[in-house]
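Peer 1: Before I ask anything, let me first share the structure, which is written out below as structure tokens.
The values are calculated or read from the model by the stated rules, or taken from the named source; none is laboratory data. A quick note: this is a predicted structure, and the numbers were derived from the prediction, not measured. Glycine also receives a Cβ, built like all others from the backbone with ideal geometry; neighbour counts cover every protein chain displayed.
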Amino acid sequence: MTEEEFDAFYAGAFPRLVGQLYAMTGDRAEAQDVVQEAFVRAWDKRRALLAGEAPEAWVRTAAMRLAVSRWRRARRWLELVRHSPPPEPVPGPTPDHTALVEALRGLSEAQRTAVVLHHLCDLSVERIAAETNVPPGTVKARLSRGRDALAKRLAEASSPKDTGRREGSHVR
């Protein structure tokens, strides 16, 4: 089957096959998917399909098998889900975590990268220098400045907000 013949075969058979598979699956999108996949497989066998008597029957059979395979996979997945306990709830971020993330956001990108790579990823100064293409002295400076800024921001976040009133003062 030449490319032109296959194109003509596809154009004529695709709508019919989708209609047939839709009737079998009850899902138009699923029918389109399996028929399309069957045609992809048919493309690789187009010479043999030309020699055969019913290329449309071959594509229909391939599409039906694909649909059945998808049903079986979905059924196995449902069985697995039914027999699996529900996942444990994941607690939300703690106030300390939220404050740390907010404080990290306030750092420059270079400082934040150095602090995260060193303290969270446990990379050495030399490794950070290699990954960021800067001298080790620059990494050390970024770490120092980043830690200072981070400490200041975290201290500000943990201190009570001054509302403008002091204890014991009265507004008259």
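Peer 1: Among residues belonging to the stretch 61-83 that are of a type in the set (G, A, S) and either assigned by TED's automatic domain parsing to the domain that holds R145 or surrounded by 12 or more Cβ atoms within 10 Å (Cβ to Cβ) (or both), point out the one that is farthest from R28 (Cα to Cα). Even if it seems obvious, please write down each step before you answer.
Peer 2: Narrowing the stretch 61-83 to residues of a type in the set (G, A, S): 62-63, 67, 69, 74.
Filter again for either assigned by TED's automatic domain parsing to the domain that holds R145 or surrounded by 12 or more Cβ atoms within 10 Å (Cβ to Cβ) (or both), leaving 62-63, 67.
Working: A62: 17, A63: 13, A67: 12 Å.
Filtering first and then ranking leaves A62.
Peer 1: Okay, moving on. Among the numbered criteria (1) within 25 Å of the chain's Cα centre (by Cα); (2) in the same structural domain as A149 (by TED's automatic domain parsing); (3) more than 30 Å from S159 (Cα to Cα), which one does L123 miss?
Peer 2: Single failed check for L123: (1).
Peer 1: Right, next: Exactly one condition in (1) modelled with pLDDT under 90; (2) closer than 26 Å to V18 by Cα is false for L80; which is it?
Peer 2: If we test L80 against (1) modelled with pLDDT under 90; (2) closer than 26 Å to V18 by Cα, just (2) comes out false.
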